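No lab work stands behind these numbers, since they all come straight from the coordinates. None of these values were measured; they are calculated from a predicted model. Here the Cβ is made from the backbone with ideal geometry for all residues, glycine too, and neighbour counts use every protein chain on show.
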Amino acid sequence: MPYKEKSSSRYGGDRRGNDQRDFDCMHCHGHVSVNPRLSGVQNRNHCPYCLWSRHVDLSAAGDRLETCLGPMKPVGLTLKSTRKKYNSATAGELMLIHQCTGCGKVSINRIAADDDAQTILAVYQASQALDPTLQAQLEANGIRLLGATDREIVSIRLFGRS
């Protein structure tokens, strides 16, 4: 669980995602800045060190309306699907897949500019042995887990070359 309260709100900001505040990760205890200049994202939702998140968004990124508040474990990587008709299956932004350890919900989240690339790579490698039940849940939610054949794509997206 990455959010340890540092502000008047238990979500690191108000319930609409406004006025987000820095927080301490409850999983690894690292200090996390929500400054978009550091992260490159408007709604910081996970720790850049261990990549764990907290189940705070209900319908849209930054809405902070979920009541579950369970810790969300990074379980794999996917590519954000694009709406462009002629894009290949390997097009799209590299995304983290999280699963809530409280309610089991899965979601995808943008990788932030300050996320640790080696930790992202470790999540990818661990996902190669992901439980078949969770793999089926991801497929049922339209999430394509990056597999062993996608190693070059992951390497290029993280490090600029294979």
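Database remark: amide H of R54 closer than 5 angstrom to the amide H of M72 (H placed geometrically; neighbours at sequence offset of 5 or more, or on other chains; Pro and chain starts carry no H). The trypsin sites (Lys or Arg not before Pro) of segment 29-80 that meet both conditions, a loop assignment by DSSP and at most 15 other Cβ atoms within 10 Å of the site Cβ, are K80. The three principal axes of the C-alpha atoms in segment 23-159 carry coordinate ranges of 38, 32, 29 Å, sorted with the longest axis first.
Could you give the length gained by full extension between L38 and A136, i.e. 0.36 nm per residue of separation minus their alpha carbon distance, to one decimal place?
Residue separation times 0.36 nm, minus the Cα-Cα distance, leaves 31.8 nm.
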